[in-house]
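I have placed the structure first, in the form of structure tokens, so that the comments after it can refer back to it.
The values are calculated or read from the model by the stated rules, or taken from the named source; none is laboratory data. All figures in this text were calculated on a predicted structure; none of them were measured in a lab. Positions of Cβ are backbone-derived with ideal geometry, glycine not excepted, and every protein chain shown enters the neighbour counts. With ligands, DNA and RNA removed, areas are computed over all heavy atoms of the protein, side chains included. Shrake-Rupley method; radii C 1.70, N 1.55, O 1.52, S 1.80 Å.
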Amino acid sequence: MADLTLSPSDSETVPDVADDGVWLTCIECGETHAPFDDVIYTCEECDGLLEARYADAPTFDDFEGRGVWRYSEALPFEEGVTLPEGDTPLHYVPRLEEDIGVRNLRVKHEGMNPTGSFKDRGMTVGVRVAQEVGVGRLACASTGNTSAALAAYGARAGLQTLVLLPAGKVAAGKIAQASLHGARILEVDGNFDSCLDIVQDLAGRGEAYLLNSLNPFRLEGQKTIGFEILERFYEDEGRFPDRIVLPVGNAGNTAALYKAFRELVASGELDESEVPKLTGVQAEGAAPMVEAIEEGLDDTRRWEEVETRATAIRIGNPVNAPKALPGIRHTDGTAVAVSDEQITAAQRDLAEEGVGVEPASAASVAGLRKLREQGEIEADEDVVCLTTGHLLKDPDAAAEAGADPEPVPNDTDEVLAHLQE
Ligand SMILES: Cc1ncc(COP(=O)(O)O)c(C=O)c1O
Ligand SMILES: [Zn+2]
């Protein structure tokens, strides 16, 4: 089994299969694989998850430029199909910070990416790899955002895209994006996990290149969220944040952020004691990761029935759990479930600070509030909450959470009278 602790006991030597200092390692059996010779998503020996590995660990000095490709020294290529992505704001939210009661609260708003979610970071790298291995059709299962990002980046690269969505459970903005960017959209009579089963079968049969976060290169792009948070927070505060709170669906970001930290620990840039505590938040109706953390499991139990207003994280079988659970544990983090009402309240809280997010994103703030109230997070902590998608992704949820429009007559005096009512 590959060592997924913060400081692995034996340092890896570059295997023969490496291509320009990049290779894939199975996190279960440790087998190494050539990165771009064949299309593989999981270990050919044991079907375990794969992780990209590099001959050299990155240092902060290696990073130059802006956005995801600023971090090319920590990525498999120098550049990719870009719109461009990354370089998202790390908002100050002073009223919310005071209300929740932590030393510093910052909000990393991934909704400010080109298609409105963090998925763009994964796609810029994933689509570049697709070009390298020379595939014709790209595909993904999606709760919505992945399909929007894949459609846009696929279009940009001039490649065909196919997306499988759970029928009736995808927010309107996301379908509109996938549709306009030219993806072929298949609505499956099942949930996200069933869509992923099918698309994995299609990929296994060579019908399409899979760009879900099971694809290890997607997570390489998403890893840059971690680098950006650390660099920016350090620039502002002269130290790294104590904790990063994030919504969890397939647990890709949890795995990716942990990988960013491990790489910086490996290069000596980050002391183990400085690694932020990864804190995952799920909706109560879809919380297999929380269950696994609470019960000390090595993998999640698949939840067949999942439900939440936060459709982006309506996922019962998080494929990246074997990578993400060690991330939560080895950083001394935790996982918590929140109700849909708590998610909507947090969505309003963020909106009052001018930060517009979709429901899944607000789960991070709802989770922080809950853990703070329970005393599991201390008042002297520096916390970054990740908000993963833009408000306009789910206009229906936003309208429900917000104030209703008021009909008024077409007359200034009557408008004034209405305002004084
Ligand atoms: C808005 C949003 N937040 C969170 C997630 C979950 O992210 P992850 O799969 O990395 O846990 C997704 C995607 O599934 C998403 O679209
Ligand atoms: Zn293996």
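Report every pair of residues separated by at least 6 positions or lying on different chains whose Cβ atoms are under 8 Å apart, first residue within segment 21-38 and touching a residue at least 60 places away in the same chain (Cβ under 8 Å), second within 16 Å of ligand 1 (Cβ to nearest atom) and among the hydrophobic types (A, V, I, L, M, F, W, C).
I27/L49; E28/L49
When you scan segment 205-215, how many residues do you find that are under 12 Å from V127 (Cα atoms) and either touching a Phe, Trp or Tyr at 6+ places or on another chain (Cβ under 9 Å) or at pLDDT below 95 (or both)?
4
Hey, any hits in segment 4-16 for a residue that's on the phi > 0 side of the Ramachandran plot and either touching a Gly at 6+ places or on another chain (Cβ under 8 Å) or away from ligand 1 (no atom under 16 Å from the Cβ) (or both)?
No, because not a single residue in segment 4-16 is on the phi > 0 side of the Ramachandran plot and either touching a Gly at 6+ places or on another chain (Cβ under 8 Å) or away from ligand 1 (no atom under 16 Å from the Cβ) (or both).
Kindly indicate whether any position in segment 155-162 is within 12 Å of ligand 1 (Cβ to nearest atom), within 22 Å of G206 (Cα to Cα) and crowded, with 24+ Cβ neighbours inside 10 Å.
No, segment 155-162 contains no residue that is within 12 Å of ligand 1 (Cβ to nearest atom), within 22 Å of G206 (Cα to Cα) and crowded, with 24+ Cβ neighbours inside 10 Å.
Within segment 294-312, which residues are in contact with a helix residue (DSSP H, G or I) (Cβ under 6 Å, 6 or more places away or on another chain), open to solvent by 10 Å² or more (accessible area, probe 1.4 Å) and aliphatic (A, V, I, L, M)?
Residue satisfying the conditions is A312 alone.
Just give me the residues in segment 31-45 being of a type outside the set (S, T, N, Q) and more than 16 Å from ligand 1 (Cβ to nearest atom), in sequence order.
Matches in segment 31-45: E31, H33, A34, P35, F36, D37, D38, V39, I40, C43, E44, E45.
For the condition at pLDDT 95 or above, away from ligand 1 (no atom under 11 Å from the Cβ) and open to solvent by 10 Å² or more (accessible area, probe 1.4 Å), what is the one hit in L202, L230?
None of the others qualify; the one that does is L202.
For A399, work out the one condition from (1) touching a residue at least 12 places away in the same chain (Cβ under 8 Å); (2) surrounded by fewer than 23 Cβ atoms within 10 Å (Cβ to Cβ); (3) not polar (S, T, N, Q) it doesn't fulfil.
Going through (1) touching a residue at least 12 places away in the same chain (Cβ under 8 Å); (2) surrounded by fewer than 23 Cβ atoms within 10 Å (Cβ to Cβ); (3) not polar (S, T, N, Q) one by one, A399 breaks only (1).
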